[in-house]
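The values are calculated or read from the model by the stated rules, or taken from the named source; none is laboratory data. Just so it is clear, the structure is predicted and the values come from calculations on it, not from any experiment. Here the Cβ positions follow ideal geometry from the backbone for every residue, glycine too, while neighbour counts run over all protein chains shown.
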Amino acid sequence: MLQIDNLHAEIASENGGGKKILDGLTLTVNAGEVHAIMGPNGAGKSTLAYVLGGRPGYEVTEGSVIFRGQDLLAMDPHERAAAGLFLGFQYPVEIPGVSNIQFLREALNAQRRARGEEAMTGGDFLKLAKEKAGLLKLDMEMLKRNVNVGFSGGEKKRAEMVQMGILDPAFAVLDETDSGLDIDALRVVGDGINAIMRNPEKGVLLITHYQRLLDVVQPDRVSILSKGRIVKTGGPELATDLEREGYDAVMADA
Amino acid sequence: MPEAALLPTNRDEAWRYSDIGALQDTAPDTFEAWEDVRVAEGETWSDLIVLDGGADKDGGLEMRRLRIVLEKNARAELAALVAGGQLGRLEVVVTLAEGAHFELGGITLGGGDTTREIVTRMAHEKPGATSNQTVRSVHWGKGTGNFLGRIDVVRDAQKTDAAQSFKGLLLEKGASVNSVPQLEIYADDVQCAHGASVGQLDESARFYMAARGLPPETIRRLLVQAFIGDATRELADEATREALLEKALTKLDERGA
């Protein structure tokens, strides 16, 4: 479903030139799979997420990404979304003056139009939003407020998953969706990911620092990212090894 | 040419950032003409002023000048869009009696090499009056937006509360905004809050919205709408609020040139 091959990427810096972050990353995620990416700080986890999302300033210098048979890197960010890619942000952005409802309805309908589908009516949209907010135990009133404005860290992450539920993507790249969550919220968010994305037709790239989200969202594959490339891939037991022994020990075996 | 001497120049404080070149074909007595509004004690007045240039008004000056006198406990509310003329200019002078309130929600828009400006003077001449001015400016091309807000508080006008908020949004490199708050305060128990800022569309918000599938033009529309929405928020009359926002958005949608 997602084939990343020999990906090199750098971040544009102020004084021209770039800082190399991804250094020959190769990874495949098949439909029906949850693939966890773990790695120490500075390994390039967030850069991978941003490169897949198409964030300006993140430049691919080599390699390719094929998503559902299409050249992902040739698409603009909004085209990637319409093609079925969802990027869950580690730090969801606040947008004063734009309500969640307005934002998500416009986003959903923009995606539908891009796919040649009919726009959803206001009534149907509200019904859908209510259902997904309920799934993530987020008060519907929060969706009437401005996007992420005044939300706590945990509320922002739950709101991200409500967005994912509404947009119903084929593939989700979730960048440290577990950070800033307490144990109960972690369970709610993890169950939400399972409910929305566990599907033989869908895939998830779950970027995380810790094992704890993986107790709820059990990965099919686990890869370790270090210094911009995948150094080890294995089954779910790799995550538990990491938790027990730490990155240094596990990577020493690599 | 004695008339020429009557035209304003950039040396006049209230014309400092104006496009004086746009005044050349203007009859000097234009600058003597004022519309007068008097709001009687306890009464309320509100108006929506739109300077958005009909087809015949391309180039040159499009100007309105209002003098508003608020009697005791009177309230005036002005919604204004300045989006027309080579130089589009709204001037408002408000004299406030005891307990009066003046509210301004103003928007300037413009591209090309136009200048669009709002110039106000609040004369707080009696105690306990309040004024609140919110101006939002969105400019592109080589467009310029100005807000010059003078506030005079006389010695007796204690408990005056006069606030100003200005924000400029530059959609393209080359556009500019100027804000000049000018406060002359002779009373000691007053509040005069003023703030001004200039920025561009938030890069991280744009990417966040794009990542949810919104195309660039929709993102720009939503963010600009949110930005100018500030100027309408304090207007009490809902119909006025919506009319101002709608006029401004229509003008923005036409902005191809």
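I'd like to verify a number: residues in region B:5-21 that are among the basic types (K, R) and touching a residue at least 12 places away in the same chain (Cβ under 8 Å), how many? Counting residues in region B:5-21 that are among the basic types (K, R) and touching a residue at least 12 places away in the same chain (Cβ under 8 Å) gives 1. Against the test of being assigned to a helix (DSSP H, G or I) and farther than 30 Å from B:L223 by Cβ, the options A:L214, A:L143 yield a single qualifying residue, A:L214. Cβ separations smaller than 6 Å between residues 6+ apart or across chains give the following pairs from region A:228-254 residues that are under 13 Å from A:H209 (Cα atoms) to residues that are among the hydrophobic types (A, V, I, L, M, F, W, C) and assigned to a helix (DSSP H, G or I): A:A239/A:L214; A:L242/A:V250.
Here are A:K132, A:K127: which of them is under 24 Å from A:G154 (Cα atoms), basic (K, R) and surrounded by 15 or more Cβ atoms within 10 Å (Cβ to Cβ)? Exactly one residue qualifies, and that residue is A:K132.
Please tell me if B:T240 is within 11 Å of another protein chain (Cβ to nearest Cβ) and either assigned to a helix (DSSP H, G or I) or of a type outside the set (S, T, N, Q) (or both). It is false that B:T240 is within 11 Å of another protein chain (Cβ to nearest Cβ) and either assigned to a helix (DSSP H, G or I) or of a type outside the set (S, T, N, Q) (or both).
Of the conditions (1) over 17 Å from the mean Cα position of the chain (by Cα); (2) assigned to a strand (DSSP E or B); (3) away from chain B (no Cβ under 12 Å); (4) at negative phi, A:N6 fails just one. Which one is it? So A:N6 meets the others, but not (4).
Considering region A:74-100, and only residues there that are at the interface with chain B (Cβ under 7 Å from one of its Cβ atoms) and among the aliphatic types (A, V, I, L, M), the residue that is farthest from A:D124 (Cα to Cα) turns out to be A:V93. For B:T218, indicate whether it is out of contact with any Cys (no Cβ under 9 Å at 6 or more places or on another chain), buried (at least 17 other Cβ atoms within 10 Å of the Cβ), within 11 Å of another protein chain (Cβ to nearest Cβ) and among the polar types (S, T, N, Q). In short, yes. Pairing residues of region B:129-146 that are at positive phi with residues that are surrounded by fewer than 24 Cβ atoms within 10 Å (Cβ to Cβ), at Cβ distances under 6 Å and at least 6 apart in sequence or on separate chains, gives B:G141/B:G111; B:G141/B:G112. If the condition is being closer than 19 Å to B:N146 by Cα and either acidic (D, E) or away from chain A (no Cβ under 14 Å) (or both), then region B:194-209 contributes B:H194, B:G195, B:A196, B:V198. Among the residues of this structure, A:I95 counts as one that is more than 19 Å from the chain's Cα centre (by Cα) and buried (at least 22 other Cβ atoms within 10 Å of the Cβ).
Would you check which residues across region A:2-18 are surrounded by fewer than 20 Cβ atoms within 10 Å (Cβ to Cβ) and modelled with pLDDT of 95 or more and list them?
A:Q3, A:D5, A:N6, A:H8
Filtered by the rule that a residue be touching a residue at least 40 places away in the same chain (Cβ under 8 Å), within 24 Å of A:V217 (Cβ to Cβ) and β-branched (V, I, T), region A:11-46 gives A:T26, A:V29, A:V34, A:I37. Check whether at least one residue in region A:77-85 is touching a strand residue (DSSP E or B) at 6+ places or on another chain (Cβ under 7 Å), surrounded by 23 or more Cβ atoms within 10 Å (Cβ to Cβ) and part of a strand (DSSP E or B), and report yes or no. Within region A:77-85 (the criterion being touching a strand residue (DSSP E or B) at 6+ places or on another chain (Cβ under 7 Å), surrounded by 23 or more Cβ atoms within 10 Å (Cβ to Cβ) and part of a strand (DSSP E or B)), the answer is yes, since at least one residue qualifies.
Counting the residues of region A:188-205 that are out of contact with any helix residue (DSSP H, G or I) (no Cβ under 6 Å at 6 or more places or on another chain) and farther than 28 Å from A:R113 by Cα gives 2.
With B:E234, B:E217, B:E238 as the choices, which residue is in contact with an Asp or Glu (Cβ under 8 Å, 6 or more places away or on another chain), more than 18 Å from A:G53 (Cβ to Cβ) and of a type in the set (D, E)? Only one candidate qualifies: B:E234. Taken together, the residues in region A:44-73 that are exposed (fewer than 15 other Cβ atoms within 10 Å of the Cβ) and within 14 Å of chain B (Cβ to nearest Cβ) amount to 2.
Within region A:109-130, being part of a helix (DSSP H, G or I), of a type in the set (A, V, I, L, M) and under 20 Å from B:I219 (Cβ atoms) holds for A:A110, A:A114. In region A:101-133, the residue that is farthest from the other protein chains (Cβ to nearest Cβ) out of those that are polar (S, T, N, Q) and over 24 Å from A:L206 (Cβ atoms) is A:T121.
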